Amino acid sequence: MAQKSILVADADASIRSLLKQLLQEEGYAVGEAATGVEVVDKVKENAPDLVIMDVRMPEIDGIEALSRVKAASPRTGVLIMTAFGSSNAAIRAMDLGAFDYVTKPFDLDKISYSVRNVFERQDLAREVGTLRGEISSLVQTERIVGNSPAMQEVYRIIGKVAKSGATVLITGESGTGKELVAESLHYNSGRRAGPLVKASCAALPETLLEAELFGHEKGSFTGALAQRRGRFESADKGTIFLDEIAEMSLQTQTKLLRVLQDHEIERVGSSIPIKVDIRIVCATNKELQKMVEQSRFRDDLLYRLNVIHIKMPALRERKEDIPALVEHFLAKHRYSATAQPAAISEEALRRLMEYDWPGNVRELENAVERAVTLARGEVITSRELPFGDHEDGHEDGEGDDMPAARSLFKKSVAQFEKDLIMKALRDAAGNRSKAAEMLGIYRRLLYAKIREYGLEGYPPKAQAVR
Ligand SMILES: Nc1ncnc2c1ncn2[C@@H]1O[C@H](COP(=O)(O)OP(=O)(O)O)[C@@H](O)[C@H]1O
Ligand SMILES: [Mg+2]
């Protein structure tokens, strides 16, 4: 079993070194942090298995740090240390997702017992996850990067509402991380052991969407060959993430309202109500209030969805996050599995900071990923940065310093890649997981590429034999 990593956080250096020594002797890899800010930074860097933290920390206190730790790395366990008798803080800590707490002054046996206990529970939760087939989504949960005030506000709200089970509406431009926030809400909630089911309302035509969400009885419409459970039923005891909610038809909106009011659904073609215990998280890049004014969205539904509103800031409004995001994506998209993360020239980073990123973090991630490939494991310079190229049809922005051959190279690589992906999608009959496996890449990467090359509907249904 891999060595477990622990971050010990206390303002007092002597306590840190005491704990460090103890835990190292027990075979753990141990890091230290002296302030709340340092804790959050280190968790973002290394996502340790466990943080042991005093509630009273300089700069930002332990409770605040805890909610940021949870937002940044849902899988990291937290063990809180409190002074004897300060149970209020302990209760709040548990409520925010701490695994356990120990009171100071502590004895070392109690600490090592609690640590083992946390790890046992983590391993158990992971096993249960595997059994449920949920492990892939757990592992795939990405941490949210960015320390700008706007993102800190987002973490604050996540920390506050994740546990509550309240309906959440996430708005913001495309690519700002709405889906990541939805994941974070789920994995920081009491429902984390249950399923997180995602459905995009833009992906399917109206009748199919309704059947997909609510399920259907055999023969309820052409093509409904068998009875089928819908996504709401699959999400029972968990969270359903309804993406692009603005695309939902008025008829389906009415049915969704019913789910919110009565916590029950009816399958298409049936009038038997089925109870569902779900938390609903929605996202949109549209102005729902405007759509209400145009009678394209029900205002009573908006009212119910909008219990908690998280507004994702556009990347251009928080450019100070760009360096950390770039670093994160350089590590995520290594040139090869064993390669070190690529380095980037100052000039290139400056250009990334100057650009306005209409496609937000998604566009930045695509740019970094492509640059890593083009730089072939070498330092990334501004030559590898494809501002405004193929995606929106403009010519390469590099102009002078971009030799024609290189631009040709880029286009050929892209074309080659696109062809490969199309072939895999055809061979897999449209099954993206299978296609990703055939290509030997992560599903997430395949999804990004599918978006990048506009292959969302590929292969056309007639070709895909399911
Ligand atoms: N703050 C962030 N930190 C790390 N990755 C991010 C962040 N925001 C977005 N991403 C990445 O950018 C891509 C788009 O994010 P996503 O949540 O799908 O955006 P949206 O749903 O708002 O369109 C994903 O690959 C996601 O992992
Ligand atoms: Mg999205």
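The values are calculated or read from the model by the stated rules, or taken from the named source; none is laboratory data. Worth saying up front: this structure is predicted, and the values here are computed from it rather than measured. Positions of Cβ are backbone-derived with ideal geometry, glycine not excepted, and every protein chain shown enters the neighbour counts.
Here are the numbers for this structure:
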{"quantity": "Matching residues in the range 144-196 - criterion: being within 15 Å of ligand 2 (Cβ to nearest atom), touching a strand residue (DSSP E or B) at 6+ places or on another chain (Cβ under 7 Å) and in a loop (DSSP other than H, G, I, E, B)", "calculated": "GLY172"}
{"quantity": "Residue ID - modelled with the lowest pLDDT, chosen from residues in the range 46-59 that are under 21 Å from ARG143 (Cβ atoms) and surrounded by 16 or more Cβ atoms within 10 Å (Cβ to Cβ)", "calculated": "MET57"}
{"quantity": "Residue within the range 228-239 that is within 16 Å of ligand 1 (Cβ to nearest atom) and under 24 Å from ILE310 (Cα atoms) present", "calculated": "yes"}
{"quantity": "Residue in the range 351-367 that is at pLDDT 90 or above, more than 25 Å from the chain's Cα centre (by Cα) and surrounded by 12 or more Cβ atoms within 10 Å (Cβ to Cβ) present", "calculated": "yes"}
{"quantity": "Subset tally (residues that are at pLDDT below 60 and of a type in the set (A, V, I, L, M)) for the range 129-157", "calculated": "4"}
{"quantity": "Any hit, the range 180-202, residues being within 16 Å of ligand 1 (Cβ to nearest atom) and more than 16 Å from the chain's Cα centre (by Cα)", "calculated": "yes"}
{"quantity": "Residue in the range 402-410 that is surrounded by 14 or more Cβ atoms within 10 Å (Cβ to Cβ), outside any helix (DSSP H, G or I) and modelled with pLDDT under 85 present", "calculated": "yes"}
{"quantity": "Residue list for the range 349-383, filter: farther than 30 Å from VAL181 by Cα and in a loop (DSSP other than H, G, I, E, B)", "calculated": "ALA375, ARG376, GLY377, GLU378, VAL379, THR381"}
{"quantity": "Unique match (being within 16 Å of ligand 2 (Cβ to nearest atom) and closer than 30 Å to ASP123 by Cα) among ALA199, ALA235", "calculated": "ALA199"}
{"quantity": "Among (1) among the β-branched types (Val, Ile, Thr); (2) within 16 Å of ligand 1 (Cβ to nearest atom); (3) in the same structural domain as SER184 (by TED's automatic domain parsing), the one test that ILE322 misses", "calculated": "(3)"}
{"quantity": "Tally of residues being in contact (Cβ under 8 Å) with a residue 12 or more places away in the chain, of a type in the set (A, V, I, L, M) and closer than 30 Å to LEU349 by Cβ across the range 288-331", "calculated": "9"}
{"quantity": "Residue check, ARG231 modelled with pLDDT under 95 and farther than 30 Å from GLU365 by Cβ", "calculated": "no"}
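Conditions tested, residue by residue: (1) modelled with pLDDT of 85 or more; (2) farther than 22 Å from GLU369 by Cβ; (3) not in a loop (DSSP other than H, G, I, E, B).
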site	(1), (2), (3)
VAL413	no, no, yes
MET422	yes, no, yes
GLY430	yes, yes, no
SER433	yes, no, yes
LEU445	no, no, yes
ALA448	no, no, yes
LEU455	yes, no, no
LYS461	no, yes, no
VAL465	no, yes, no
